[in-house]
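To start, the structure itself, in structure tokens.
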Amino acid sequence: MDAVTGLFQPIGEQGGAALCGSVFKVEYTDCGQRLIYLRLYSGTLRLRDTVALAG
């Protein structure tokens, strides 16, 4: 467990920073909807926000 916590150290408050993150897992629910797991490095996401993905 120490190795995992070492990989995911808190970044700290990034007030007003642009949204930046990394998707690390995508699952599909029984209804066919995508369930996305991500790590945000800066910025804020709120319920029902739409995000354009690069690449």
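Each value in this text was obtained by applying a stated rule to the coordinates, not by laboratory testing. Computed from a predicted structure; not experimentally measured. In this analysis, Cβ positions are derived from the backbone assuming ideal geometry, glycine residues included, and neighbour counts consider all displayed protein chains.
Listed values, structure above:
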item: Potential extension, Cys20-Leu45 segment - 0.36 nm per residue separation minus Cα distance; result: 8.0 nm
item: Förster-model FRET efficiency, 25 Å R0, Tyr28 and Ala54, C-beta, rounded to 0.05; result: 0.65
item: Sequence-distant residues sharing a close amide H with Ala17 (under 5 Å, placed H); result: Gly43
